[in-house]
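First comes the structure, then the notes that go with it.
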Amino acid sequence: MNRFPISPSFMRRPIQLVQATVILLLVLAAQRLAAQAPWAAVGPAGGDARSFAAVPGQPSHIYMGTTNSWLYESVDRGATWHRLSKLDPSDDLILDHILVDTANPATVYVAAWTVDHPDGGLWISHDGGKSWVISQGLRGQSVRAFVRAPSNSRMFFAGTLEGVFRSADAGATWTLISPQGSRELHEVESLAVDPVDSNIVYAGTWHLPWKTLDGGKTWNNIKQGLIDDSDVFSIIIDPVNPLTVFLSACSGIYKSDTAAELFHKIQGIPASARRTRVLKQDPFNRDTVYAGTTEGLYKTVDGGKTFLRMTGPDVIVNDVFVDPADTQHVLLATDRSGVLYSRDAGMSFVAANEGFSGRKVEALLVDAAKPSRLYAGVVNDKTYGGVFVSENGGAAWDHIGEGLEGRDVFALAQAPDGAVLAGTNHGIFMLFPGTAITAGPHWWPRNTIQNFLIKKSVVVRKGKKVPVETRIKDKQAVLLGRVYALDLSGPAWLASTSSGLLTSVDQGATWQGHIVLGSTEYLTVAVRGATMVAARRDMLVVSTDAGLTWSVSALPPGITRIDRAAFSPDGTLWLGGREGVNLSHDLGKNWLWIERLPFRDVNDLCYDPAQGKVLVSSRNSDFVYVIDPVALNWKWTRTGWKVFLIRTAAGHMLAASLYDGVLVEPHPVATAGTRD
């Protein structure tokens, strides 16, 4: 292997040459690694599930939509899952509606939208979900509702932010049937079609429902009996008696016995659970209706006269599947807890997430004494999140959230004595050394900030007045804000928090520190003995006295964003950021830029003592680079997933993906892609 090309940071090649080099290397990498097996997603199981659809006549064959563009599949009635396909290169499609063609089950339709901007569309597969094309007529549309006419299998309706669209040719072409540019009939969240007459369509918007009797030529507002300005999330029509219509809105659940001429509000669901995202009728017991709300699943068996909550209030239900072959079999697609499975018509539920992980892992820790023990810190999952632990390298995971109370976990670190600290969105918590993982461990807060004052005085020594400064304890404070990063490897522990850079010399019992140089947004820290560094996006600070004092260090010229800092054992400081990787042997006085690393936007960088290498990854790439810090050469491997951070355990690499939990490298360790 040749030595890794490096340059002083002030020396840059012309940008066109750099870009050409990067493109060439990426092409070579793709050619060499085409046959490399992708890494395996191993959990933690669960996350956000959005929608279900079964293959007609095959209720054991079910598709599931997620919030990250991926479609999952089950062939055992939802007991286990596997990833089937990704509809779009982006990671932010919400797959909210799935339909399977009744005449040709290999044809599958998925309607999707995105969270942060009005985008989405309708994707169509003709090979059972293996490959997809986007319907041009709905390209770029945020499709929030999607239904098929019960009386015409080739007629579909789609609700978007612009209005109601109809297709009479199974999704090949689309026509807007609501008034163009209407100030009222837009932002369509729900649709329902009369079981006999496909010209009769109901549309629920973010501000009341509408109905057409003539295929969209005219529309009438059907708000009689509803609270004004109700967001309408779901509409269902009784397939035998279409006069019976159920409607869910932000103001509650309503029922009409007059084909929506007049609604009356159903009692029995508390006001706190008004956001009913989905209504689903039992296909055989029509008086049985399930209501999936943001505070649990409710069920009526008497046509809406009474409702009973079937789950705890912490369950957020996005979709309900009632097995047409066995109505005792019910599935819930939920936020955070993934898929819940019932064999007794909703009386009890168990998790059914084997093969499905939609967790966002922000922190990943390998136990120093037992490398097969992994800790994963997750965000956005409330009581279903916090920290998960695996005792077998990711093959199985246990939730250890007691004491965290639903906090997001952004950082995990281990002390030399085995203690584990979790940095959360609301303070620091500890698993004490020797805690038995199998005994349901408890996290304990370590959030005391002990402030000090400097008292100046004059004393007489040997007849001379001598000024003296005495450090005395001041009032204590409590760390209540976010923790960005932790490093427990030195004699003093270092934490970057929204209260400033804090250090502890008593194993986390108390912390000392403050806002450093006017900033609290230090996103990464690194410690080597008494030397500490911390970096925010555009500034690097250094302490050589274990955090008592800090000073600004020069940045590599041209750098615009820092994401990660790390030390290698010889004292070399490594920085990863938008411009790639830089290193310094003298704490920032001089910098070298690793010029020909075939990607930029380095979001994670760490020194791995087991290999003696520096690991580098980017959330915009599925490549991982392993750098020899002495020989300055590198190897690459391809994960097949976009990677948030990279670590090693027991001789192989593992990573946190952006939205799919923990990834594990196939055995043996890949060596393909050596730069030679």
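The table that follows gives values for the structure above.
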read-out	value
Distance from the stretch 147-213 to the stretch 632-660 (C-alpha centre basis), Å	45
For the stretch 122-179, size of Cβ-based charge dipole, Lys and Arg +1, Asp and Glu -1, in debye	80
Filtered chymotrypsin sites (Phe, Trp or Tyr not before Pro), the stretch 197-305: DSSP coil and at most 15 other beta carbons within 10 Å	F284
Built amide H within the under 5 Å cut-off of G43, gap 5+	V662
Debye intensity ratio in log₁₀ form over the Cα atoms of the stretch 598-660, taken at each q of 0.20 Å⁻¹	-0.70
Magnitude of the charge dipole, the stretch 554-676, Cβ model with Lys/Arg +1 and Asp/Glu -1, debye to 20	180
Members of K280/K305; K217/K299; K382/K642 lying beyond 26 Å, as alpha-carbon distances in this model show	K217/K299
Partners for K456 among lysines (Cα-Cα distance below 19 Å; same-chain residues under 8 apart left out)	K464, K465, K473, K475
Sorted by Cβ density within 10 Å, fewest first, the residues R482, R154	R154, R482
Per-selection Rg to Rh, the chain - Cα, Kirkwood hydrodynamic radius	1.04
Positive-end extreme of charge dipole, the chain - chosen from V664, Y63, S498 (charges on Cβ)	S498
Estimated [θ] at 222 nm from DSSP helical runs (n ≥ 4, -39500 (n - 2.57)) normalised by residues in the chain, nearest 500	-1000 deg cm²/dmol
Dipole magnitude of the chain about its Cα centre (Cβ charges: Lys, Arg +1; Asp, Glu -1), debye to nearest 20	2560
Hull volume in cubic angstrom per residue (convex hull over the Cα atoms of the stretch 104-259)	116
Cα centroid separation, the stretch 322-373 to the stretch 41-103 (Å)	13
Qualifying trypsin sites (Lys or Arg not before Pro) for the stretch 559-668 [loop in DSSP, other Cβ within 10 Å: at most 12]	K589
Dipole-positive endmost among A477, G558, V533 within the stretch 449-599 (Cβ charges, Cα centre)	A477
Nearby aspartates and glutamates by direct alpha-carbon distance to K370 (threshold 20 angstrom, same-chain neighbours under 8 apart not counted)	E391, D398, D417, D487, D608, E665
Charge dipole (the chain, unit charges on Cβ, about Cα centre) - positive-most of T160, T572, G427	T572
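Bear in mind these aren't lab numbers, they're just calculated from the coordinates by the rules spelled out. What you are looking at is a predicted structure, and each value in this text was computed from that prediction instead of being measured. Counting neighbours? That spans all protein chains shown, and the Cβs are built from the backbone with ideal geometry, glycine included.
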